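Here's the structure, in structure tokens; my notes come after.
What follows draws every value from the coordinates through simple rules; no lab data is involved. Because the structure is predicted, anything quoted here is derived from the model rather than measured.
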Amino acid sequence: MKPFLRALIRFDNLLAKLEAEVLITIVTAMTVAVLLQVIFRYVFNHPLSWSEELSRYLFIWIFLLGASFAVHRRSHFGMDSFFKVLPDKGRHFLIFIINLLMGVVILLILVQGIVLVRNAAAQLSPAMRISMSWAYASLPAGAALMAIHLFTIFLKDAIKKSGAF
């Protein structure tokens, strides 16, 4: 199990690094699109028709990739005051329950996201005239990445608790 877990952890870290790079790229592209919109609207008095739509879709991708990156780093909001008063056994159990519930929600987002992408494939966006599946693909992509990170966390916690890691 140790070689598999080590390989999974390396893959998970590589995936998180790739997510960070993609997030930087998307934030940069969104910033450029918004800046172009401001320049064209207020300097040239001729607003771009596609920049707001592109920014909106990029923001959705940032949200879901950022959520995935936060799962990897265990950076989501929590209630530490309640968590700190629990004994170790209670903390481990609570972490297990939280991870299990997160897994259920992530699985629902993944399945419904795939359905949504399929249904939106023929629909075109109003301004850019691209398939809406590109915007909706952020749901299953983000959920799949979150599932990988959560699976890795689950295994690391289970191995750590058993003392084999």
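Between Leu48, Leu65, Leu145, the GNM of the chain built on Cα springs shorter than 10 angstrom shows Leu48 fluctuating the most. The lysines whose alpha-carbon is closer than 18 Å to the alpha-carbon of Lys89, local same-chain residues fewer than 8 away aside, are Lys156, Lys160, Lys161. Adding -39500 (n - 2.57) for every DSSP H run of four residues or longer, then dividing by how many residues the chain holds, sets the calculated 222 nm ellipticity at -28000 deg cm²/dmol. Computed from the alpha carbon positions, the gyration tensor of the stretch 2-162 leads to an equivalent ellipsoid with semi-axes of 37, 18, 15 Å, biggest first. Phi-derived couplings, Karplus 6.51 cos²θ - 1.76 cosθ + 1.60 at θ = phi - 60°, listed residue by residue for the stretch 80-89: 5, 4, 5, 5, 6, 7, 7, x, 3, 4 Hz, with x used for Gly and Pro. Which residue fluctuates the most in the chain, going by a Gaussian network model with Cα springs under 10 Å, if the choices are His72, His149, His92? Maximum fluctuation in the GNM of the chain, among the listed residues, is at His92.
Within the stretch 1-54, the ratio Rg/Rh, alpha carbon atoms throughout and Rh by Kirkwood, equals 1.42.
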